[in-house]
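Scroll down for the structure; my scribbles are underneath it.
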Amino acid sequence: MELEIFETLAISLGLGLLVGLQRQHDQSQLAGIRTFPLITLFGTISGFLAQDFGGWIIAAGILGLAALMAVANIMRSKTPDFDIGLTTEAAALLMFVVGAYLVLGQTTVAVAIGATVAVLLHLKETLHGIVAKIGQSDLQAIMQFVVISLVVLPVLPDRTYGPYNVLNPYNIWLMVVLIVGLGLLGYFAYKVFGQKSGTVLGGILGGLISSTATTVSYARRTKGNDTSSMLAALVIFIASAVSLLRVITEVAVVAPDTLPTVAPPLAAVFLLMLVLGVVMYLFKGGDHDTMPEQGNPAQLKTALVFGAIYAAVMLATAFAKDQLGSGGLYFVAIISGLTDVDAITLSTSRLMQVGDLEPADGWKLILVAALSNLAFKAGLVGVLGNRTVFGKVAMLFGVVLAGGLLVLWLWPEDFQFPLLGA
């Protein structure tokens, strides 16, 4: 018992020293390398006492600590360099509670919170720099995502409606949240790196935000400009490769149990695209490129459109399976994959997760949709870009289409990658 007490006190001391080190390095005038360990130990001792005398001990400790900091700030306010920031005060109160939680709660959680406090304090300049870069449109994107995910989603009914009993408003909007969230992640990565991004990073960000939009943007830029054809083709190809990786991520989120079967054949096609991308990058020359301005992916209109597409694909999939059998599902995959591979991926993943579709058939539908999407984007390049970029994209996509068809034909039916199921 005594050993456990000393272990708890040692952890409390270590967390206090960690946060105190950061505050001392930041030249905090209120508390530093000595004060924070005392505060955390104060919380831990209060937690031990609360076990015998009740929770009022912890409440009294918080009030006493708050009063002590108030007196210190009153005295410091008389100095000319007084800083009215409350960061150190908030950290001190939180670390007191962390010290108490080491006794009354879970040690792992307390350590994680203490370490997070230290990291947040250390990242002051970085976080302030990110906030300074956020404009009105970026703030609007964040708030729109909050509405989509935290306002709309919780009020939707979690039950099925309509033909074939497959339209669940909650699940449909949950898929919307997933796709918008992925797009928003890429959008803010673009905001941080976009104007500085080269060809590779531009393709990666484009694939995260929207590979189709990236294809349209870069194809248009080549009209009447042959010098940018190689770069444009490379960015389009990288964005398409990343979109395939994004598809695997969507399957992992919606139907994680199917990954041992679904991920390997999709990953095989991605590796083919990766090899082609590396070879093309080595021959692109020393030119660099910048990304076109990217739109906000969290707009409510965009979310509603995707939700409608996803619901339509769900209905079409159920109809095809009922009326046409498994062969009809491939027709749906080809048609829906032309414009949006995310919808068919999510609907197929949902069917696999609930047991209405075998994973060995599901990955084929997803791959067919992805290959259909590649063909559609090649057509966009042919219409919007110049002949040079179309030739390069058609050659690259043609190799991938051939490789994808070989995977569909030759991949073993019962193959599973065991590590993905661990």
Among the candidates Met69, Met75, residue that is at pLDDT below 75 and in a helix (DSSP H, G or I): Met75
Filter pass, Val155 being among the aliphatic types (A, V, I, L, M), assigned by TED's automatic domain parsing to the domain that holds Val253 and closer than 30 Å to Ala90 by Cα: no
Pairs with Cβ under 7 Å, 6+ apart, first in region 238-253 and under 13 Å from Gly203 (Cβ atoms), second among the charged types (D, E, K, R) and assigned to a helix (DSSP H, G or I): Ser240/Lys377
Given (1) at pLDDT 90 or above; (2) buried (at least 21 other Cβ atoms within 10 Å of the Cβ), index of the condition Ala239 fails: (1)
Candidate set from region 282-299 (those that are aliphatic (A, V, I, L, M) and at pLDDT below 75); member that is nearest to Ile172 (Cα to Cα): Ala298
Single residue of Ala110, Ala141 found to be more than 19 Å from the chain's Cα centre (by Cα), of a type outside the set (Lys, Arg) and part of a helix (DSSP H, G or I): Ala110
Residue within region 135-144 that is more than 30 Å from Leu346 (Cα to Cα) and not assigned by TED's automatic domain parsing to the domain that holds Gly20 present: yes
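The values are calculated or read from the model by the stated rules, or taken from the named source; none is laboratory data. Small disclaimer: the values here were computed from a predicted structure and weren't measured. Ideal geometry is used to build each Cβ from the backbone, glycine not excepted, and the neighbour counts take in all protein chains shown.
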